1. Quickly run through the range 11-35 and pick out the residues that are part of a loop (DSSP other than H, G, I, E, B) and over 27 Å from the mean Cα position of the chain (by Cα).
2. Of all residues in the range 310-352, how many are touching a residue at least 60 places away in the same chain (Cβ under 8 Å), assigned to a loop (DSSP other than H, G, I, E, B) and either surrounded by fewer than 17 Cβ atoms within 10 Å (Cβ to Cβ) or outside the structural domain of Ala170 (by TED's automatic domain parsing) (or both)?
3. Residue check: is Val285 at pLDDT 95 or above, touching a strand residue (DSSP E or B) at 6+ places or on another chain (Cβ under 7 Å), of a type outside the set (Asp, Glu) and buried (at least 24 other Cβ atoms within 10 Å of the Cβ)?
4. Across the range 32-55, what is the number of residues that are farther than 17 Å from Lys125 by Cα, of a type in the set (A, V, I, L, M, F, W, C) and touching an Asp or Glu at 6+ places or on another chain (Cβ under 9 Å)?
5. Just give me the residues in the range 291-309 being under 21 Å from the mean Cα position of the chain (by Cα), surrounded by 24 or more Cβ atoms within 10 Å (Cβ to Cβ) and either assigned to a helix (DSSP H, G or I) or in contact (Cβ under 8 Å) with a residue 40 or more places away in the chain (or both), in sequence order.
6. Pick from the range 235-257 the residues that are closer than 21 Å to Ala330 by Cβ and out of contact with any Pro (no Cβ under 6 Å at 6 or more places or on another chain): which of them is surrounded by the most Cβ atoms within 10 Å (Cβ to Cβ)?
7. Listed residues Val232, Val260, Val274; which is in the same structural domain as Leu178 (by TED's automatic domain parsing), closer than 27 Å to Thr92 by Cα, crowded, with 21+ Cβ neighbours inside 10 Å and in contact (Cβ under 8 Å) with a residue 24 or more places away in the chain?
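The values are calculated or read from the model by the stated rules, or taken from the named source; none is laboratory data. Quantities reported herein were computed from a predicted structural model and do not represent experimental measurements. FYI the Cβ positions are ideal-geometry reconstructions off the backbone, even for glycines, and counts take in every protein chain you see.
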Amino acid sequence: MAIRVLIVDDSATARTVLKDVLSKDSEIEVIATAPDAYVARDKIVQLKPDVICLDVEMPRMDGISFLKKVMKYFPTPVLMVSSLTQDGAQVTLDALEAGAIDYVAKPHSNIYDGIDEIQKELIQKVKMVASSNLGARIEARKAKNAVVEHKPRLSYSLAQTTNKLIAIGASTGGTVALAELLSRFTKDTPGVVIVQHMPGGFTNSFAQRLNSLCEVEVKEAEDGDIIGRGRVLIAPGDLHMVVRRDGGNYRVKLGTGDKVSGHRPSVDVLFNSVASHAGANAIGVLLTGMGSDGAKGMLKMKTSGASTIAQDEKSSVVWGMPKVAYDIGAVDFVESLSNIDVKIVSLLNERK
């Protein structure tokens, strides 16, 4: 059965182009389009689409406000369509926090510009969103909102360890999962390095948001940054990040280079470097995400003596990356998102 899609965009041109692109795939059927939230609401009630492609900026009711209402009254997988400007990054992050599964970029102000670039991605992401775990997304959002309101902390301290680090990889669903996980880390947490699949211009805003929620310091990594206790470094969009030993410290190095496992930054690139330079001093964590990036790198980490953790299927929005890692034997422990911090603490205490 074809995936039934509703397109919501105030631009008639955008609606036409998006419909034309999606209609090229036999597994997708565009059942309706809508120019604003009010028309879209009626079509959701009447047609019950499998996926909603939603523009961020719309008249009468903006996309974020409409998205929150959809999640409350008619929970439906949503793919946001947004620009890659700085303002677009902020709004897209708002959308992911409000319940959207993922987003696809409008490369330019005119949807026709660069349409060849997004055609494959749009079709791929509509299919991924249709098969995503919406229940896990809703639960993760609730947990994230609880973090914002109550800022819960671990009731115990992490082990006083030296030369330890935690490497995390995430993709689809990772922005909310990371907010929940990192909010439980204390200032005693060993240094953390993260690759979250994001384009350039998004990661700095994302890091600032996390920093406002967490006891640990969260920042977009800069070349040469020290990986220190109570500090979280997020790879900048469109740059690979690796870990290097520098005397008594670990530091990050940033670089360009080809995409690896389809991504830049790549989790595999990060995990491979952690395996080579930290070995048994590291813990690897692979969170929700589409594809296989990070699986081979996690296997290398495990072979080097590191402990490895994968998020379980039930709590993952998309159980792609963790599943592949599990299937190839790269995973020591499969944990729910709510228990990953507890497992990390346990592993650190074992390795004092």
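1. Ser11, Lys24, Ser26, Pro35, listed by residue number.
2. 4
3. So Val285 passes the test.
4. 2
5. Asp293, Gly294, Ala295, Gly297, Met298
6. Selected residue: Val243.
7. Only one candidate passes the filter, namely Val232.
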